[in-house]
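Below: the structure, in structure tokens.
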2 protein chains.
Amino acid sequence: MSIQRQPRPATQADVAREVGVSRTLVSFAFRDAAGVSPETRQAIFDAAKRLGYRHNAAAAALASKSRTAVGLYLLDLRNEVYSDVLNGVRLALPQAGNRLILSVSRSIGGVDQGAMDSLIEARVGIIIAAALLDPDERVRELAQIIPVVSVTRRVEGVDSVYPDDRAGARAAVEHLLGLGHTRIAHMAGPPFDGHTVRRETYEQMMRDAGLTPQTAAADDFTQEAAERAASELLAGPDRPTAVFTHNDQFALGVREAAYAMGLTIPGDLSLVGYDDSRTARLRGIDLTSVDLHAVELGTTAGRVALERLNDPGGPIADMTSTPRLVVRNSTAPLR
Amino acid sequence: MSIQRQPRPATQADVAREVGVSRTLVSFAFRDAAGVSPETRQAIFDAAKRLGYRHNAAAAALASKSRTAVGLYLLDLRNEVYSDVLNGVRLALPQAGNRLILSVSRSIGGVDQGAMDSLIEARVGIIIAAALLDPDERVRELAQIIPVVSVTRRVEGVDSVYPDDRAGARAAVEHLLGLGHTRIAHMAGPPFDGHTVRRETYEQMMRDAGLTPQTAAADDFTQEAAERAASELLAGPDRPTAVFTHNDQFALGVREAAYAMGLTIPGDLSLVGYDDSRTARLRGIDLTSVDLHAVELGTTAGRVALERLNDPGGPIADMTSTPRLVVRNSTAPLR
DNA sequence: GTGAAAGCGCTAACAA
DNA sequence: TTGTTAGCGCTTTCAC
């Protein structure tokens, strides 16, 4: 047995011929533009179905002057935040209207440099980018070529939809301080532009409280990197009694490292994550975490993108939301 | 401040004019086809960069007769298996060569009927589909229109790359039987074509062992659905002492339901999942699970797709791999 | 309501 | 190694 395929895909011209109208009409009917009588319209749809006609996105994109497709760039699918953003974006885009083109940067081996290019080459009208790792300046350069909406990160001069990380980090650190902890460490990620607010806020708060900040940095945004960094951090002198991590993935890494050393949570170590992922909510994990409402951020970003498409010259959007600390059982008063 | 954009994107014609060669040459240079001298080639790249030229994928797709783009259809990003498949597929596709176009079916609300259409309309040459919910017959119909590689599910007459679920389920059930359990239940998903092998194997094995199968079916492929179904299952008479679930997501749902009822795992209930997700490996979760090697399945599927693209008439691929039971602490001997 | 005609930017023969 | 010439299937004025 072998694979069958139609000899030649039907085109709008075929449909037009079948119905006995012009190709223009068929084109209009499929974009339900005004100017097609209901009967003609129905006849066109019927014929299209009969002929197995499929709209050709490439041809349409080429012919149309306006770009309506939305590109969504995601850093990493293994972090729930990004799939939540995807879900949020989809909620914002009308069912039938704007096409959504996905591009995921991180494969197992590392960041895919071509992920952004593929979006540009697909000639999307705008790119919603979740957690770009490029410096602010380069994001602005990109936005010069094609409109960009940055999600979960603020970039000056570029439409941005992001959580108020200052408030989120403050809530986390205050929670730990309130429990009596003084040796509170922070597990940060690599120091990319726009990904350091949580760290800075933590360090500032520690100093304000008359304490010494102790920041460990994972060399990658993965659970494994955090686990490695945490193994060192927790083995050092004056082991921290609490750790606030850049995200939940990191918190899980710290958690594994802690358990591997025989420490208990929250007995020996209080742990606060960031994202409030579904994993954080599992019994037995019960991670205290900061909910940044990723789905809502995605929805807002989608809306901002739609507005930008309609009004290229409009004012830059700068939309923040306030994250919420969700206290579970990974934090406890200092003994 | 407002968004800037270039007046008119540069085309190959612009580049050709700038360099003083023909447009053909530019086209050749960008596809690094033979017939362009190294100097010309370099001059073209320089000019392209200077002019901000970007290859237009839509135009290229329209003009080229052969379809080389690979479409990847994923059921649900919230299930780790599918993002693993994505990662696997990417490993198989050459860096620069075939474009990969992603389409995700399940948003928060449910299955996106348009997900498959968007791939067809993007005129991909082949679709790698992970966990289609359509009946076998409809998958075959689809494969008539466009080549399909089915991953994680076998479809007769269609290229398929899938785990030997019979072996996987057998290993799971044997493990539980070996621990002395007799009241072993199964948490199945909705009875879609191609997603019932695990259930059938379980039921057959139970009967072979002289035991009565007890299958509960979640009404959706989500943790929440499994949790609801498990709440009923575990509240019934003759509560099972062990549950084998269709996947890890379900196992987590059963786990939550069990804990909510005050049951302990593995004390009161042994639990075996399927997928060996990263969550299963976390301390405190320690879920015994069947590893189906999703990344490898994805890579194999990518390779099969590439072969099919090169040889449309070749024999149907039917590739299985053997899953491996990973025993952790969610299972224990019957007390 | 409907149709004719002019491309969109690129690839792919073929010819030189 | 280079240039010429047709389209690919669709959108989109503009006229009827």
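Points worth noting:
- Nearest 10 degrees, 0 to 90: helix A:294-310 Cα axis against chain A principal axis: 40
- Shape class for segment B:191-301: oblate, because the ratio a/c of the largest to smallest gyration tensor axis (alpha-carbon atoms, square roots of eigenvalues) is 1.5 or more and b/c is at least a/b.
- Between 0 and 90 degrees, the angle of helix A:223-235 with respect to the longest Cα principal axis of chain A falls at about 10 degrees.
- Dividing the summed -39500 (n - 2.57) terms of all DSSP H runs of n ≥ 4 by the residue count of chain A sets its mean residue ellipticity at 222 nm at -12500 deg cm²/dmol.
- Candidates B:GLY157, A:PRO323, B:GLY189 compared by Cα position along the dipole of the protein assembly as shown: farthest toward the positive end lies B:GLY157, with charges placed on Cβ.
- Sum of side-chain charges, B:THR300 neighbourhood, beta-carbon under 14 Å (Lys, Arg +1; Asp, Glu -1): -1
- Shape call, the protein assembly as shown: gyration tensor on alpha carbons, a/c limit 1.5: oblate
- Under a model in which nothing but the beta-carbon of Lys, Arg (+1) and Asp, Glu (-1) is charged, the protein assembly as shown shows a dipole of about 1380 debye around its Cα centre.
- For B:48-58, mean number of other protein chain Cβ atoms within 10 Å: 4
- For segment A:103-254: rounded, prolate or oblate by the Cα gyration tensor [a/c cutoff 1.5]: prolate
- About the Cα centre, charge dipole magnitude for segment B:39-133 (Lys/Arg +1, Asp/Glu -1 at Cβ), debye: 400
- The dipole here belongs to segment A:108-237: it is taken about the Cα centre, uses +1 on the Cβ of Lys and Arg and -1 on the Cβ of Asp and Glu, and is about 400 debye.
- In this structure, the amide hydrogen of B:ALA242, modeled 1.01 Å from its nitrogen in the peptide plane, lies closer than 5 angstrom to those of B:ALA185, B:SER270, counting only residues at least 5 positions away or on a different chain.
- Summed side-chain charge close to A:PRO135 - residues other than A:PRO135 whose Cβ falls under 11 Å, Lys, Arg +1, Asp, Glu -1: -3
- Relative to the longest principal axis of the Cα atoms of chain B, the long axis of helix B:248-260 lies at roughly 40 degrees.
- Listed by chain and number, the aspartates and glutamates whose C-alpha is less than 18 Å from the C-alpha of B:LYS49, apart from same-chain residues fewer than 8 away, are A:ASP117, A:GLU121, A:GLU141, B:ASP14, B:GLU18, B:ASP32, B:GLU39.
- With Cα atoms defining each centre, segment B:148-198 and segment B:238-311 are spaced 11 Å apart in the structure.
Since every read-out is calculated from the coordinates, none of them should be taken as a lab result. These numbers come from a predicted model, not from an experiment. No Cβ is skipped: glycine too gets one built from the backbone with ideal geometry, and neighbour counts run over all protein chains shown.
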